[in-house]
Amino acid sequence: MKRAAIILLGILLVASCGIYSFTGTSIQPDVNTITIPYVEYKALRVNPSLAGDLTDALQEKFRKLTRLEQVDQDGDLELVVEVTGYDVKATAITADEQAAQNRLTVSVKITFTNHKYPEDDVSQSLSAYEDFDATMSLDAVEAGLCETIIDKLVEDIFNATVAQW
């Protein structure tokens, strides 16, 4: 009986705070909407599906892990993302000076605006990468690499904005 009372008290304390949830977000109770426009692609090297895939993944993450309604404009929160880099570089060189490993890196700039609580605004650059064997062409591995990189970027963006980590 005493244990149940302690658990109930703990739950009430957490619930009364109002801005914390079990998904790790810290969204104020009066913030109800978010606008996530289509990701802009500004990198020199082109990947025609990356911006759309990243947009979809971001919208899905916020839909699943927050109570926020997604609106096309004028949301309480606004998350603008630009792909600023899409680069492949050698990371490991063999004894005969050939690339053994290559790295695909995707860089983004995020601008997160909280129209109700401007102190929560965030503007920063993030990047994620995946390595692949240099004997493979980028075309052969690109889709799988981008999927993994998008997952990492979405997690980092979510944490930097509404999870505030």
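The values are calculated or read from the model by the stated rules, or taken from the named source; none is laboratory data. Quick caveat: nothing in here was measured; it's all calculated off a predicted structure. Backbone-built Cβ (ideal geometry, glycine too); neighbour counts: all protein chains shown.
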*Starting from the stretch 28-40, keep only residues that are free of Cβ contacts under 8 Å to residues at least 12 places away in the same chain, then list their pairs with residues that are not polar (S, T, N, Q) and not in a strand (DSSP E or B) whose Cβ atoms are within a distance under 7 Å, requiring at least 6 positions of separation or different chains.*
Pro29/Gly18; Pro29/Ile19
*State the number of residues belonging to the stretch 11-58 that are modelled with pLDDT of 50 or more and either at positive phi or not hydroxyl-bearing (Ser, Thr, Tyr) (or both).*
27
*Could you give every pair whose Cβ atoms fall below 6 Å, whose first residue belongs to the stretch 69-94 and is among the charged types (D, E, K, R), and whose second residue is not in a loop (DSSP other than H, G, I, E, B), counting only separations of at least 6 or pairs across chains?*
Glu69/Thr33; Asp76/Thr33; Glu78/Thr35; Glu78/Thr113; Glu82/Glu40; Glu82/Lys109; Asp87/Thr105; Lys89/Arg103
*Of all the residues that make up the stretch 123-140, how many are modelled with pLDDT of 95 or more and either closer than 20 Å to Gln73 by Cα or polar (S, T, N, Q) (or both)?*
4
*asked:* Return the pair list, or none, for Cβ contacts closer than 6 Å from residues in the stretch 139-150 that are closer than 13 Å to Asn102 by Cβ to residues that are in a helix (DSSP H, G or I), at least 6 apart or on different chains.
replied: none
*Considering Ala140, Ala128, which residue is part of a helix (DSSP H, G or I) and closer than 18 Å to Asn47 by Cα?*
Ala140
*Quick check: is even one residue across the stretch 104-112 modelled with pLDDT of 95 or more and farther than 18 Å from Asn159 by Cα?*
yes
_If a residue must be of a type in the set (D, E, K, R) and surrounded by fewer than 16 Cβ atoms within 10 Å (Cβ to Cβ), how many such residues does the stretch 76-95 contain?_
2
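Yes/no per residue for (1) assigned to a strand (DSSP E or B); (2) surrounded by 14 or more Cβ atoms within 10 Å (Cβ to Cβ); (3) of a type in the set (D, E, K, R); (4) touching a Phe, Trp or Tyr at 6+ places or on another chain (Cβ under 9 Å):
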site: Pro29; (1), (2), (3), (4): no, no, no, no
site: Arg67; (1), (2), (3), (4): no, no, yes, no
site: Glu97; (1), (2), (3), (4): no, no, yes, no
site: Thr113; (1), (2), (3), (4): yes, yes, no, no
site: Ser123; (1), (2), (3), (4): yes, no, no, yes
site: Phe132; (1), (2), (3), (4): yes, yes, no, no
*Out of Asp76, Asp131, Asp121, which single residue is in contact with a Lys or Arg (Cβ under 6 Å, 6 or more places away or on another chain) and within 22 Å of Val162 (Cα to Cα)?*
Asp76
